[in-house]
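Structure first, commentary second.
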Amino acid sequence: MTKTVLVSGASGFIGSHVATRLVEEGYRVRAMTRHPRDYHGAGEPVEADVSDPGSLAAAFAGVDVAYYLVHSLGSDDFEQRDADAARNFAEAAAAAGVERLIYLGGLGSNTGKLSAHLRSRREVETILRAGAVPVTVLRAAVVIGHGGISWEMTRQLADRLPAMVTPRWVRTRTQPIALPDAVRYLVGVLEPVEARGRTYEIGGPEVLRYIDMLQRVARIRHSRLPNLTVPLLTPRLSSAWLRFVTDVDSATARNLVDSMTTEVVVNDDAITRLVPGTPIGYDEAVRLALADRARAAGNDQVRAAR
């Protein structure tokens, strides 16, 4: 029997690709969006908003599995917004008798100090798990793909700066993952019974510092990016600097910078045995993201010329 799958955040960076992959694999997909008339992605658009509990019942009717792929990183009160939204989603899923929820959270040690962003991701996990529906959690660091905020910030810094004066957080280790691998894992945990109630850490094959990521993007773009690290460049000043150099809004920049002071690497590779496959390396992930960006720009030009 073909499962009906609800994808929240279907018009977003991760959700749009998950919806496409699910349709390709033969699932009935409900693409949850606040603006169904403007939705042109995969699946059947259904109007609902995680911040409006009354809008969720119709979206969940007849759903077997639901993906929770939304967050409010661009708002100053995102922690409270995300907590309330997760509670609404979990309650609607339980009322509809959904078999399972799948959530994409953030990497980070449970024993270390987490940033507000990563702490919020972990709180959402807790809220979803407190409901009656089993939850499968995947935790990731930076997802490398066109449309991702963290990736776009990296690309713009590498493109626009002849040299960098950077804060200490550029030397923090992280384990980026290519967008196709993140989607492969998210879809791959849908069917296996053993994934119910489990948490998996997902990442690419390399552990890198943020400065390594920036310099390798610059090299792929056929440029160099000399770096001078300035210890006194605080997270607050860093976010202002990011806002000046990139298109990322102030609230998002501030929340991302706070997270970049926390090491986020995979400590448990159980996902590679549940969903086997060769992960994409960082340089190839960058090339794929750049190719997708060029393709999207070409499509925009074609539409504008019509």
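The values are calculated or read from the model by the stated rules, or taken from the named source; none is laboratory data. As the structure is a prediction and not an experimental result, all values here were calculated from the model. As a convention, Cβ positions derive from the backbone with ideal geometry for all residues, glycine included, and neighbour counts pool all protein chains shown.
Do you know which residues across the stretch 56-83 are of a type in the set (Ser, Thr, Tyr) and within 24 Å of LEU190 (Cβ to Cβ)?
Here is the first cut: in the stretch 56-83, the ones of a type in the set (Ser, Thr, Tyr) are 67-68, 72, 75.
Within the stretch 56-83, TYR67, TYR68 qualify.
Exactly one residue among LEU237, LEU225, LEU214, LEU242 is modelled with pLDDT under 90 and part of a loop (DSSP other than H, G, I, E, B), and that residue is LEU225. Across the stretch 127-148, the qualifying residues are those that are within 13 Å of ALA66 (Cβ to Cβ) and touching a Gly at 6+ places or on another chain (Cβ under 8 Å), and the one among them that is surrounded by the fewest Cβ atoms within 10 Å (Cβ to Cβ) is PRO134.
Residues that are in contact (Cβ under 8 Å) with a residue 40 or more places away in the chain: find the strands (runs of 3 or more DSSP E) completely inside the stretch 38-153 holding 3 or more of those. Step through it out loud before you land on a result.
Details: elements: 44-47, 65-68, 100-106, 135-140.
The qualifying strands (runs of 3 or more DSSP E) are 65-68, 100-106, 135-140.
Does ASP84 count as over 30 Å from THR262 (Cα atoms) and under 20 Å from the mean Cα position of the chain (by Cα)? Considered against the rule, which asks whether it is over 30 Å from THR262 (Cα atoms) and under 20 Å from the mean Cα position of the chain (by Cα), ASP84 comes out as no. Looking across the stretch 279-296, the residues that are surrounded by 17 or more Cβ atoms within 10 Å (Cβ to Cβ) and either without any contact (Cβ under 8 Å) to a residue 12 or more places away in the chain or of a type in the set (Gly, Ala, Ser) (or both) come down to ALA285, ALA289.
Residues in the stretch 58-66: is at least one buried (at least 17 other Cβ atoms within 10 Å of the Cβ), closer than 25 Å to GLY148 by Cβ and under 20 Å from the mean Cα position of the chain (by Cα)? Yes: the stretch 58-66 contains one or more residues that are buried (at least 17 other Cβ atoms within 10 Å of the Cβ), closer than 25 Å to GLY148 by Cβ and under 20 Å from the mean Cα position of the chain (by Cα). A count restricted to the stretch 17-35 and to residues that are part of a helix (DSSP H, G or I) and surrounded by fewer than 21 Cβ atoms within 10 Å (Cβ to Cβ) stands at 4. State all residues of the stretch 160-195 that are of a type in the set (Lys, Arg) and at pLDDT below 95; if no residue qualifies, say none. Scanning the stretch 160-195 gives ARG160, ARG168, ARG171, ARG173.
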